[in-house]
Amino acid sequence: MIATRRQAVDTAGQGDVHDLTEMVGRIVAESGCGSGLATVSVIGSTAALTTIECEPGAVADFNGLLDTLAPRDVPYAHHERWGDDNGSSHVRAALVGPSLSLPFEDGRLILGTWQQIILIECDTRPRQRPLVVQVMGE
Amino acid sequence: MIATRRQAVDTAGQGDVHDLTEMVGRIVAESGCGSGLATVSVIGSTAALTTIECEPGAVADFNGLLDTLAPRDVPYAHHERWGDDNGSSHVRAALVGPSLSLPFEDGRLILGTWQQIILIECDTRPRQRPLVVQVMGE
Amino acid sequence: MIATRRQAVDTAGQGDVHDLTEMVGRIVAESGCGSGLATVSVIGSTAALTTIECEPGAVADFNGLLDTLAPRDVPYAHHERWGDDNGSSHVRAALVGPSLSLPFEDGRLILGTWQQIILIECDTRPRQRPLVVQVMGE
């Protein structure tokens, strides 16, 4: 059985993190599947998905790493092409990745207690982020 | 329904990027599945897959980041083992990752307009890269 | 058909790497599925999964990169919250990612000869790491 759902999340721009765990868990539960694979993906090339302990400290540390790896206000070749200012966003998103597939069992995602699925906005401006949650199972 | 297909891509060595979106989309369409999950993986430990806006600027920026993280011409412990020169390739590939799973619906991959699936060659020499595209759906 | 199995791996703390390839391959073989998708995920937010040529040199190089990106003994905002000392662990794990989905065919994982599935412990202390291996196929 396959259920594919769309959801949108409004973000506040670069570094804004949203905990998607409850939303994904609800879609898994509503699918009626007992066990299977839940895939979350973000549509667009300037946001990313991963898991983290979603408390402000660890989130700030992760953003600090991304700021060091791809500072916002330095020259990027991407800027010369379109007049954009979000070269840092593209390389951050490509590095972290756009999707995540996680098993579930008994209708529940298998995650640690302090492990949350997050969307990390990498773009330099607020965005409405379309997400896809796909549940495949039996 | 599951369809597993092999494809090879000839690369030009470190930093060479290939847009796989059309190829993956064609395999999804040919599978006859309406909705499901498409997984792309690269066989080998010195290439990686992700999504990016596949225009030369963003690609150059991403390669610039990888060059900074894992410069090619510095010592690597891997070189001492085999006499290889591709330590930078192994750590880049392990960091970015070897596979990508993305949902599709109505026989079409769900991606942003400026979001492409790419193979990034990390090895120091041209390679023929075997890829696997697996479509699982109904 | 879906088979979801749990396995635990005892790790020695930050930088300890375990080759999971044989274990995942055995679970794929035991599932009786010919072709499909194998997903491995780690429960917890301070360990990660990827593929690499699992020889001591390349592993040391990868750990060297992670040590540079997220040194262990510098201040992290996460430390101020819980009195933890593993801020470096959280950002490493979030960057590399908690799960991996790979196709199999003829009951065998499709991987390169020198490409292994690894668990990389990012936490600062030894952990018993619960893993999930899910086989979905036919």
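The values are calculated or read from the model by the stated rules, or taken from the named source; none is laboratory data. This one's a predicted model, so the numbers in the text were calculated from it and none came from an experiment. Here the Cβ is made from the backbone with ideal geometry for all residues, glycine too, and neighbour counts use every protein chain on show.
Some points to look at:
- Single residue of segment A:112-138 satisfying the filter (assigned to a loop (DSSP other than H, G, I, E, B) and more than 22 Å from residue A:78 (Cβ to Cβ)) that is farthest from the other protein chains (Cβ to nearest Cβ): A:113
- Take the conditions (1) at the interface with chain C (Cβ under 9 Å from one of its Cβ atoms); (2) surrounded by fewer than 16 Cβ atoms within 10 Å (Cβ to Cβ); (3) within 24 Å of residue B:57 (Cβ to Cβ); residue A:56 misses just one of them, which is (3).
- Within segment A:53-74, the presence of a residue that is assigned to a helix (DSSP H, G or I), over 23 Å from residue B:102 (Cβ atoms), in contact with a Gly (Cβ under 6 Å, 6 or more places away or on another chain) and modelled with pLDDT under 95 is excluded.
- Checked against (1) part of a strand (DSSP E or B); (2) surrounded by 24 or more Cβ atoms within 10 Å (Cβ to Cβ); (3) among the hydroxyl-bearing types (Ser, Thr, Tyr), residue A:4 passes all but condition (2).
- Filter result for residue A:95 (part of a loop (DSSP other than H, G, I, E, B), at negative phi and of a type outside the set (D, E, K, R)): no
- Any hit, segment C:15-24, residues being in contact with a strand residue (DSSP E or B) (Cβ under 7 Å, 6 or more places away or on another chain), farther than 16 Å from residue B:93 by Cβ, surrounded by 21 or more Cβ atoms within 10 Å (Cβ to Cβ) and hydrophobic (A, V, I, L, M, F, W, C): yes
- Within segment A:119-138, the residues that satisfy the criterion of being surrounded by fewer than 23 Cβ atoms within 10 Å (Cβ to Cβ) and farther than 27 Å from residue B:106 by Cα are A:124, A:125, A:126.
- Scanning segment C:11-48 for residues that are part of a strand (DSSP E or B), more than 13 Å from residue C:136 (Cα to Cα) and at the interface with another protein chain (Cβ under 9 Å from one of its Cβ atoms) turns up C:41, C:42.
- Whichever residue in segment C:66-111 is surrounded by fewer than 19 Cβ atoms within 10 Å (Cβ to Cβ) and within 7 Å of another protein chain (Cβ to nearest Cβ) and, among such residues, is nearest to the chain's Cα centre (by Cα): C:69
- Any hit, segment A:79-90, residues being modelled with pLDDT of 95 or more and aromatic (Phe, Trp, Tyr): no
- Hits in segment A:98-111 - residues which are in contact with a helix residue (DSSP H, G or I) (Cβ under 8 Å, 6 or more places away or on another chain) and in a loop (DSSP other than H, G, I, E, B): A:107, A:111
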